[in-house]
Every structure is written in structure tokens, then in C-alpha cells.
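*Asks:* Take a look at the following structure, please.
The values are calculated or read from the model by the stated rules, or taken from the named source; none is laboratory data. Just so it is clear, the structure is predicted and the values come from calculations on it, not from any experiment. Positions of Cβ are generated from backbone atoms using ideal geometry, with glycine treated the same way; all protein chains shown enter the neighbour counts. The area values use the complete protein model at the heavy-atom level, side chains included, leaving out ligands, DNA and RNA. Shrake-Rupley method; radii C 1.70, N 1.55, O 1.52, S 1.80 Å.
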Amino acid sequence: MPWGGIVDEAMRAVARAYGLGEPVGPAGYAARGELGRIWRLDTVRGSWAVKELLVPAEESDARQDAAFQLAAGQAGVRLPRHVTTVEGDVLLDGRWRVYEWVDLVPGEVVTAAELGLVTAGLHQVGHPASGPVAPWFCEPVGRAAWEELAAAGGEWAPALQRALADLLALDALVAPPGSLITTCHRDVNVENVCRAADGGVIVLDWENCGPARPAWELAGILVDLPLEDAVAAYRAYRGAGGPALVAEPADFSMAIVVQGHLLEFYARRALSAEESEENRGRARARLRAMLDRPLTPARIDAILTAL
């Protein structure tokens with residue numbers, strides 16, 4: 001789209017609202033996630049990561065995650081500095097937010113040990129939770145929803161049907177989160193913990209943070225890794241003073257329910273005629289990847305034995 005199109009008109013409005021200075025050229029499309037797009041905006045004052053939220057957010061929620069970011073930064077966790085509007089708000093129109101731009105090392109994945117170290121730092125912040133754990137992170141999908149989803153059709157239906165017994169067995173392992181709740185990042189992985197071009201690692205994508213049990217977040221990080229890397233991440237976490245322990249199947253509760261809600265979300269999106277073909281295609285790809293290597297009771301047992 002040429003400079004002066006709809007996107008760049010929006011970026012000029014963002015620049016004015018956040019006091020970023022005059023743009024020096026068109027915004028560059030940088031990345032896309034499930035809930036937002038990232039644009040790079042260069043202005044006379046510097047370079048900025050402008051996040052366009054595809055699902056509108058509430059200012060109160062954004063202020064809570066910004067407070068956690070501030071506390072984490074003060075505790076030594078490296079992250080992009082969030083920027084507020086000239087009026088002091090985190091969001092613009094519930095749709096836009098801004099961070100300082102950070103250059104990353106392209107194509108380089110952090111080590112499992114670095115992932116463990118970063119997570120230990122995050123959990124040592126001890127930022128108070130703003131409320132109870134949201135259902136997405138603590139309530140299982142349940143038998144009725146699983147059976148409905150398996151019968152809904154789609155190219156992934158046979159794989160989902162084969163996984164159904166394990167998915168139901170996993171739901172039975174889920175326990176209530178209890179009282180050991182703090183604010184957690186809730187999306188720590190090798191896509192959001194990156195190597196900065198000027199050295200060290202940096203934690204990105206904080207909009208998903210909120211109340212969670214640190215042990216459950218840690219277990220969720222381990223299940224995303226090959227077994228050897230999971231052990232390395234856990235040992236690095238504990239060696240750095242990380243406070244959480246992963247010791248029993250119930251510690252994987254958040255990993256179980258998030259996997260379930262993601263499978264349900266992607267299946268419904270892939271089948272929806274109201275979604276764009278881009279969104280349906282992304283959902284189909286995610287479903288294939290998740291069902292190629294689903295979390296199972298056997299994999300939980302293997303992780304616990306190795307730790």
C-alpha cells in the first residue's frame with residue numbers, strides 16, 4: 001500500500017496520540033499473531049513497534065499488564081519499554097498500543113537453559129495477581145465439547161478422534177489453581193523469548209499476562225520442548241532460584257486446558273464461513289501441528305520421570 005493509504009493514516013494518528021514525532025516514511029509490516037499484527041514505525045524520535053489488536057482490549061486490562069511489565073523490568077527482566085499516550089493511556093481506541101522497537105537476531109532460537117533462566121526471573125518478580133485465574137487457563141474443555149468437536153468434521157477430524165481418549169484422560173488430571181497465584185507472562189516460549197541484536201535475550205508479547213500459578217506456567221513451557229531440552233530448562237530455572245516445582249501431573253493443568261481451548265478455537269475458526277481464508281488457513285496449519293505432537297498423559301509421565 002502506498003504511503004498515505006489507510007494503514008499509514010492510522011499510523012500518523014498513532015504517532016500523534018503517543019507523541020512519537022512525525023513519521024519519516026511508511027510503516028512496515030513486521031509480524032502477525034493470532035490476536036494482533038505488529039508494524040514498525042520510524043519517526044523523527046526513533047523506531048517503534050505498533051501493535052494492532054485484532055480483538056479489541058480494555059484499558060483496565062492493558063494497565064494491569066503494563067504494571068507487570070514495569071515491575072518485571074525493574075526486577076531485571078529485559079523487555080521492550082511500553083509507551084503511553086500523551087493522555088497517559090496504554091491503548092488507543094482499544095485497538096492500538098506502542099512499544100520501543102528492538103532489533104532481534106533473525107532466525108536464532110534461544111537455548112533451553114536461557115528459557116529457564118528468563119522464566120526464573122519472571123517468577124521472582126512476585127507481582128500480585130489482579131484477580132482469579134481466567135477459565136481459559138484453568139477450566140478443561142470437557143467431554144461434551146470434545147465429542148461435539150470431534151463430530152464437527154474437517155480434515156483434522158480423524159486425528160482428533162484418535163486423540164480423544166488421551167484428551168479426556170488429560171482433563172481428568174486438571175486440578176483447581178489454589179492460592180499460589182501471581183501475575184505470570186502466560187505465553188513464555190521460544191517465539192516470545194528472543195535474542196536481541198545488541199546481546200542477551202528479551203521477552204516479548206506481554207498482552208496475555210495475568211493471574212496464574214508459576215508451577216503451572218513452568219510445566220507449560222516444558223511440554224513445548226523436546227525432553228532433553230525440557231530437563232535443561234528446568235535445571236536452569238531451579239539453579240537460578242526459580243521458586244516453582246514441577247512434581248506431579250496436576251502441575252500440568254494449565255498446559256492441558258490451554259491445549260484444549262486452542263484446539264477448540266482453531267477448529268471452530270477453520271470451519272467458520274465468517275473467517276477470512278487467511279485465518280482459516282492459519283487455523284488449519286495450527287491444528288495439524290498440534291495434533292502431530294499433542295500433549296498426552298504418557299508425555300507428562302516421561303517429563304516427570306526425567307526431571
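*Asks:* In the list 256, 221, which residue meets the criterion of being over 19 Å from residue 122 (Cα atoms), in contact (Cβ under 8 Å) with a residue 60 or more places away in the chain and surrounded by 19 or more Cβ atoms within 10 Å (Cβ to Cβ)?
*Replies:* Details: 221 fails: over 19 Å from residue 122 (Cα atoms).
After ruling out the rest, the residue left standing is 256.
*Asks:* Out of curiosity, is residue 249 within 20 Å of the chain's Cα centre (by Cα), more than 25 Å from residue 152 (Cα to Cα) and open to solvent by 10 Å² or more (accessible area, probe 1.4 Å)? Reasoning before the result, please.
*Replies:* Numbers: within 20 Å of the chain's Cα centre (by Cα): no; more than 25 Å from residue 152 (Cα to Cα): yes; open to solvent by 10 Å² or more (accessible area, probe 1.4 Å): yes.
No; evaluated as a whole, the condition is false for this residue.
*Asks:* As an exercise: evaluate residue 91 against (1) out of contact with any Leu (no Cβ under 9 Å at 6 or more places or on another chain); (2) modelled with pLDDT of 95 or more and give the number of the one condition it does not meet.
*Replies:* Exception for residue 91: condition (1).
*Asks:* Which members of the stretch 111-132 meet the condition of being farther than 14 Å from residue 238 by Cβ and polar (S, T, N, Q)?
*Replies:* Within the stretch 111-132, 111, 130 qualify.
*Asks:* May I ask you to list pairs of residues, at least six apart or on different chains, whose Cβ atoms are under 7 Å apart, with the first in the stretch 277-289 being open to solvent by less than 60 Å² (accessible area, probe 1.4 Å) and the second being outside any helix (DSSP H, G or I) and among the hydrophobic types (A, V, I, L, M, F, W, C)?
*Replies:* 287/156
*Asks:* Something else about it: Only residues in the stretch 290-307 that are touching a residue at least 12 places away in the same chain (Cβ under 8 Å) and under 12 Å from residue 169 (Cα atoms) count as the first member; pair them with residues that are surrounded by fewer than 16 Cβ atoms within 10 Å (Cβ to Cβ) and not polar (S, T, N, Q), Cβ under 6 angstrom, at least 6 apart or cross-chain, and list the lot.
*Replies:* Hits for this filter: 296/166; 297/169.
*Asks:* Go through (1) more than 19 Å from the chain's Cα centre (by Cα); (2) surrounded by 17 or more Cβ atoms within 10 Å (Cβ to Cβ) one by one and return the number of the condition residue 302 breaks.
*Replies:* So the condition that residue 302 fails would be (2).
*Asks:* If you don't mind, there's one more thing I want to ask. Can you tell me which residue is most open to solvent (accessible area, probe 1.4 Å) among those in the stretch 133-170 that are within 26 Å of residue 217 (Cα to Cα) and in a loop (DSSP other than H, G, I, E, B)?
*Replies:* By that ranking, first place goes to 139.
*Asks:* While we're on this one: Collect the residues in the stretch 196-223 that are under 16 Å from residue 256 (Cβ atoms) and either within 15 Å of the chain's Cα centre (by Cα) or in a loop (DSSP other than H, G, I, E, B) (or both), keeping them in residue-number order.
*Replies:* Across the stretch 196-223, the qualifying residues are 212, 213, 216, 217, 218, 219, 220, 221, 222, 223.
*Asks:* Can I ask one more? Got at least one residue in the stretch 235-242 being hydroxyl-bearing (Ser, Thr, Tyr) and open to solvent by less than 50 Å² (accessible area, probe 1.4 Å)?
*Replies:* yes
*Asks:* Please go through the stretch 259-276 and give me each residue that is of a type outside the set (Asp, Glu) and open to solvent by 20 Å² or more (accessible area, probe 1.4 Å), ordered by number.
*Replies:* In the first step, residues of the stretch 259-276 are kept if they are of a type outside the set (Asp, Glu); the result is 259-263, 265-273, 276.
Within the stretch 259-276, 259, 261, 262, 265, 268, 269, 271, 272, 273, 276 qualify.
*Asks:* Is the stretch 184-195 home to any residue that is farther than 25 Å from residue 53 by Cβ and either part of a loop (DSSP other than H, G, I, E, B) or open to solvent by less than 40 Å² (accessible area, probe 1.4 Å) (or both)?
*Replies:* No - not one qualifying residue is present in the stretch 184-195.
*Asks:* Tell me, which strands (runs of 3 or more DSSP E) lie completely within the stretch 1-112 with 1 or more residues that are open to solvent by 50 Å² or more (accessible area, probe 1.4 Å), in contact with a Phe, Trp or Tyr (Cβ under 7 Å, 6 or more places away or on another chain) and not small (Gly, Ala, Ser)?
*Replies:* In the stretch 1-112, the matching strands (runs of 3 or more DSSP E) lie at 28-32, 36-43, 96-100.
*Asks:* Same structure again: Please tell me if residue 187 is free of Cβ contacts under 8 Å to residues at least 60 places away in the same chain, within 26 Å of residue 39 (Cβ to Cβ) and within 22 Å of the chain's Cα centre (by Cα).
*Replies:* Values: free of Cβ contacts under 8 Å to residues at least 60 places away in the same chain: yes; within 26 Å of residue 39 (Cβ to Cβ): yes; within 22 Å of the chain's Cα centre (by Cα): yes.
Here the answer is yes, as residue 187 does meet what is asked.
*Asks:* Taking the stretch 256-284 only, how many residues are more than 22 Å from residue 151 (Cβ to Cβ) and part of a helix (DSSP H, G or I)?
*Replies:* Taking the stretch 256-284 as the starting set, the residues that turn out to be more than 22 Å from residue 151 (Cβ to Cβ) are 258, 276-279, 281-282.
Applying the additional criterion that residues be part of a helix (DSSP H, G or I) yields 258, 277-279, 281-282.
Residues meeting the conditions: 6.
*Asks:* Next question. Would a scan of the stretch 123-132 turn up a residue that is out of contact with any strand residue (DSSP E or B) (no Cβ under 8 Å at 6 or more places or on another chain), touching a residue at least 60 places away in the same chain (Cβ under 8 Å) and surrounded by fewer than 19 Cβ atoms within 10 Å (Cβ to Cβ)?
*Replies:* The answer is yes; a qualifying residue exists.
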